[in-house]
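The values are calculated or read from the model by the stated rules, or taken from the named source; none is laboratory data. Everything numeric in this text was worked out from a predicted model, so none of it was measured. Don't worry about glycine lacking a Cβ; one is built from the backbone with ideal geometry, like all the others, and counts go over all protein chains shown.
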Amino acid sequence: MNKTGILFFPAFDWSLGETHPEREERLLYTQEQLFEEGVFDLPQIRQFAPGMAPLGKALLTQGIFPHPAKHDLTAHLIAAGSTLVLGEALAEGQIQNGFALVRPPGHHAGATVLGNRGFCTLNNEAILINHLRSKYGVKKIAVVDTDVHHGDGTQDIFYHDPGVLFISLHQDGRTLYPGTGFASEKGGPNAWGMNLDIPLPPGTGDDGIHYVLENWVLPRLDEFKPDIVINSAGQDNHFSDPLASMNVTARGYGRITELVKPDLAVLEGGYSIEAALPYVNLAILLALAGEDYDGVVEAEKPTRPQVSFTSLVSRVKELKAEYAQAQPNWVWRPEPYLPDGTWAYIPRMIYYDTEGFQEVRFDRVRKCAHCGGTVFIESRRPPSRGRYALVRIPFGACPQCSQAGYDLWEYLIGRVETVQLQDQAGAQVLFWHLDEGVTHFSTS
Amino acid sequence: MRRHVGIDVGGTFTDAVVINEEEIEKKAKVPTDQDNLLQTLLSALDRLGLDGGNPVDEITVSTTLVTNSILQGRFPPVELYLLPGGGMKLESLSWPVPYKIMSGTIDYRGREILPPDELQWRRILQERRQNPLKSDHVAIVGKFSHRNKLHEDQLAAYWRLAEPEVHLALGHEWGQANFYRRSLTTYLNLASQDLWLEFARELERAVGERGCHAPIKVLKTDGGVLPLDQVRPVETIYSGPTAGVLGAMAQNPDASYVVVDIGGTTTDLGIVLSGSPLVSARGAKIGPYKTLVRSLAVRSVAVGADSAIVREADGLSLARYRLGPAYCLGGPAPTPTDAMCYLGVVPYGDRVRAEEALASLLPDEHHLPADLTGLAESLLEEMAGRLAAEIRAMEQEWQDEPAYKIWGVLHPHEARQFYVWVSGGGARGLRDFLQKQLRVEVRVGRFPEVSNAVGAALARPTFSCTLHLDTVLGRFSLEESGEQGKWQGSIRPHAEVDAFLEKSAERLAAAKGIDLTGTEKEPFDFFPIVQGYRTVGQIVRGRLYVPPGVRGHLNQRPEVGSRRSET
């Protein structure tokens, strides 16, 4: 029988604040529902125990500044580590698919981490993806983010990565946090077309979102032929969500899961903790386990307006045209200190809503026809003058890009406050800090 | 001086002991008559020589009565009525018993979403009036009835008016989550009730007729004891493996070890961590029934000292069944016990017959002593190998227990240095073979043959009171008794909830006749309930309990004088 893994880690002793949406109560009713239904007694369900990710694994994927010790990462490392437990079970063939029903979430946490944003500090899926690549040599991975908010953190991490196809369906950024995720965001110079953002109008509903999946997302997945598909399974498309207004039902989520057929679903947001989560989580789990979810009906009924199916279809047509016509947003900008090659330059601002500050970033990537290219990100948190640098040598790096990464690392030491080298190809992380010198982090 | 009697009814033999403080005063072993367990118990008692002139303080029995009746399907028909509401389809899980569906929906916090349909009730009772084959045992179970028993109570009240003679059992009396298991548990308990009450009555009477007036208690699968008339029958299933773990605890104070209790056809395994037995995270499973019955984390392996040895295409192997006693003890066919006897690692059996048994498994030209020794060793190696694999799997299962709090992830059970404690008939014979397989120390106690009876005799009551409180809805429930009531206290209770739990526990304990000593508390979980960025109340979970344990330890000094054996 095909096994479905479940890692349920509700972190009942952790919150971002007593009345914060990300609080102890969030998965309490989900637990009540899952336990009472007896889903763990389904013969094809296998439950796993949570684990803790070593910091080095997180650092292989994200730059944590000014220093990891400045952040309280415990809960986040358990959420990420638990995702890894399930990912390993998948890679080793113990399960056919799985659901990491864990908190805190991760998809707003990007390539650089200066604090918590959108309730996320570590990106659970991204850390998992890079772990699957480094430990099991998985080559092609696709992420389908069905949280109502744009998965901007995951997009940021893989924007220059030709090995990862990132697809996000979300409520239009003009009407919802984080305000990004437009059809024109297609990926960096070495990964053009590997990013697909589909901003949808409020009131899209079950039929609308299934239409988008069947007519755009699934064909794109078929074309890419990923080895593994990961679903960032946020639950705030639900009709009862207090912030968003997408009008999707629990059964609608069950169908989303059936269509995307993820190898792993990872919980993201969703803060309608009574009216949505117990039902949506159950529907997703049942769909993964191949069971009938048709009886999963909420106590409340949808009351919000829904866009008509025809206007949704024509909106999708416009979006496809916008996507087809999108132009690159980078410039080629040489600097005397940059190693040999052509470097794209993308300046960015990232807002951290939890603490209310801006990160200023200058992203650079080395154009390369052989690999994902060296990535160099300079980060600052004004008004502080300290500068942090992240250098990434991608999986499958060519010798030139690899050399460029180490040249940059050596050049930057002493010139900024913190330098982090992610040698994904060589499976090591080096961290240099003004006060401490170089630290080696194990990534295994 | 306190004298305790313990009797363990095993699949093959029934063991009995009288324990006087920390010494075994008497031992007895009688064959188990599966068709007459009452008689088996009485003959074991008679072998101990109990009468009015030699009073004992308490008798504890561990019996397979309910286990057997469930596994053999020997119970009266029960009609099961379910109120499943929405959610997962009932057919997703396999139901070993038929059921009827009724309407009515309660949600995860115990709020009524859809009231039941009285017309439907009327129709069902009407049908029953016309049905001559209707059962007078009716179980009613609603999804989320452990959070709100409203619908079960309403239906029961209606039913009692119409059919006052019917025996009703309601699901909320098993107040833990899991609708599926709650349904089956309610069903099995109701189905076992008559059989159990009759057995209890007969046993009390027969013991009384022998001039013995000691209270009789029964061992539960969670390791606790209760008076015969207080126990819920289904809680007595699989008390044998539990008795084995308790027997080990009576001889191993405060250590961490794996218990291996070798029986005739099965071997039971258990884990003790720093003197406390590991309790199963889920309820016991019996045959096709998954239940909510709390049990120790034990597993039974289908290999024992009397397992038949069968010839297969690729050699000899140990069967899952027993043909009778070992050949060296007068039985019909070779067994692992014959191998032990031949190798001289057990002090019983006829070595000539053991040799004969082993020889029968080999072709004529291989009847040399070296061949027979090799065969005996390889048979015991196979047995030890199977047990070792199961021990490793059980340890892994324990390591894989889920945790739901950060505290639990940061503070896992430490990997301890375990040893292995073997009891049962073949304990001495298998020790070296197990030690070789597991590469840890394997110990055998002084009384391997009566370890289970010792466990029964020294078991003490367990107790548990788990509170679930929702201050917003003003409702509380106690898992173990299924009691539900109104919460009159504050919206955000603190010290108040502690006192409330203690008082509830005292009430529960008094009702069961349990003396509350040695209680422990799990830290309370407080879940602030927020509506619109305002905290409106809390859900609080807490538990007060007495863990399974023994009331004394056997003296482990070497025996003085000659070995006396009643077997």
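Here are the numbers:
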item: Among (1) outside any helix (DSSP H, G or I); (2) under 30 Å from A:ASP423 (Cβ atoms), the one test that A:HIS20 misses; result: (2)
item: Test: residue in segment B:188-210 that is touching a residue at least 24 places away in the same chain (Cβ under 8 Å), assigned to a loop (DSSP other than H, G, I, E, B) and closer than 30 Å to B:ALA457 by Cβ; result: yes
item: Restricting segment A:78-107 to residues that are of a type in the set (Val, Ile, Thr) and out of contact with any Gly (no Cβ under 7 Å at 6 or more places or on another chain), the residue that is surrounded by the most Cβ atoms within 10 Å (Cβ to Cβ); result: A:THR83
item: Scope segment A:265-281; condition more than 21 Å from A:LEU84 (Cβ to Cβ) and crowded, with 24+ Cβ neighbours inside 10 Å; matching residues; result: A:GLY270, A:ALA276, A:LEU277, A:PRO278, A:TYR279, A:VAL280
item: Flag for A:GLY5 being within 16 Å of A:GLN94 (Cβ to Cβ) and either at pLDDT 95 or above or part of a strand (DSSP E or B) (or both); result: yes
item: Strands (runs of 3 or more DSSP E) fully within segment B:92-184 counting 3 or more residues that are within 30 Å of A:ILE45 (Cβ to Cβ) and in contact with a His (Cβ under 9 Å, 6 or more places away or on another chain); result: B:137-142
item: Which numbered condition A:ALA244 fails, given (1) within 14 Å of chain B (Cβ to nearest Cβ); (2) at pLDDT below 95; result: (1)
item: Of all residues in segment A:10-24 being among the charged types (D, E, K, R) and surrounded by 20 or more Cβ atoms within 10 Å (Cβ to Cβ), the one that is nearest to the other protein chains (Cβ to nearest Cβ); result: A:GLU24
item: Verdict on B:GLY87 being part of a loop (DSSP other than H, G, I, E, B) and modelled with pLDDT under 95; result: no
item: Among the residues listed as A:ASN215, A:ASN247, the single one being surrounded by 24 or more Cβ atoms within 10 Å (Cβ to Cβ), of a type in the set (S, T, N, Q) and in contact with a helix residue (DSSP H, G or I) (Cβ under 8 Å, 6 or more places away or on another chain); result: A:ASN247
item: Selection within segment B:394-414 - more than 14 Å from every other protein chain (Cβ to nearest Cβ) and of a type in the set (A, V, I, L, M); result: B:MET394
item: Whichever residue in segment B:146-196 is more than 18 Å from A:GLU32 (Cβ to Cβ), of a type in the set (Gly, Ala, Ser) and within 23 Å of the chain's Cα centre (by Cα) and, among such residues, is surrounded by the fewest Cβ atoms within 10 Å (Cβ to Cβ); result: B:ALA169
item: Top-ranked residue of segment A:27-60 - restricted to ones that are at the interface with another protein chain (Cβ under 7 Å from one of its Cβ atoms) and small (Gly, Ala, Ser), ranked as farthest from the chain's Cα centre (by Cα); result: A:GLY38
item: All positions within segment A:363-386 that are closer than 25 Å to A:ALA427 by Cα and assigned to a strand (DSSP E or B); result: A:ASP363, A:ARG364, A:VAL365, A:ARG366, A:VAL375, A:PHE376, A:ILE377, A:GLU378, A:SER379
item: Qualifying residue in segment A:181-190 (condition: over 18 Å from A:VAL313 (Cα atoms) and touching a Cys at 6+ places or on another chain (Cβ under 7 Å)); result: yes
item: Segment A:407-429 residues that are under 12 Å from A:LEU338 (Cα atoms), paired with ones that are crowded, with 23+ Cβ neighbours inside 10 Å and among the small types (Gly, Ala, Ser) (beta carbon under 9 Å, 6 or more apart); result: A:LEU408/A:ALA389; A:TRP409/A:ALA389; A:LEU412/A:ALA389
item: Matching residues, segment B:405-429, being of a type in the set (Phe, Trp, Tyr) and modelled with pLDDT of 90 or more; result: B:TYR419, B:TRP421
item: Cβ-Cβ under 6 Å pairs, at least 6 apart or on other chains, segment B:260-276 side free of Cβ contacts under 8 Å to residues at least 60 places away in the same chain and within 13 Å of B:VAL245 (Cβ to Cβ), far side crowded, with 23+ Cβ neighbours inside 10 Å and among the polar types (S, T, N, Q); result: none
item: Wholly within segment B:257-351, strands (runs of 3 or more DSSP E) carrying at least 3 residues that are closer than 30 Å to A:PHE35 by Cβ; result: B:267-273, B:298-301
item: Checklist (1) at pLDDT below 95; (2) surrounded by fewer than 22 Cβ atoms within 10 Å (Cβ to Cβ) applied to B:THR64, failing item; result: (2)
item: Out of A:THR83, A:THR74, sole residue that is within 14 Å of chain B (Cβ to nearest Cβ), among the β-branched types (Val, Ile, Thr) and closer than 24 Å to A:LEU259 by Cα; result: A:THR83
item: Among the residues listed as B:PRO528, B:PRO558, B:PRO493, the single one being more than 26 Å from B:GLU152 (Cα to Cα), in contact with a Ser or Thr (Cβ under 9 Å, 6 or more places away or on another chain) and either at pLDDT below 90 or within 14 Å of chain A (Cβ to nearest Cβ) (or both); result: B:PRO528
item: Wholly within segment A:131-233, strands (runs of 3 or more DSSP E) carrying at least 3 residues that are without any contact (Cβ under 8 Å) to a residue 60 or more places away in the chain; result: A:164-171
item: Candidate set from segment B:88-119 (those that are over 29 Å from the mean Cα position of the chain (by Cα) and among the small types (Gly, Ala, Ser)); member that is nearest to the other protein chains (Cβ to nearest Cβ); result: B:GLY110
item: Qualifying residues in segment B:531-552 (those that are crowded, with 18+ Cβ neighbours inside 10 Å, hydrophobic (A, V, I, L, M, F, W, C) and within 13 Å of chain A (Cβ to nearest Cβ)) - the one farthest from B:ARG460 (Cα to Cα); result: B:ILE539
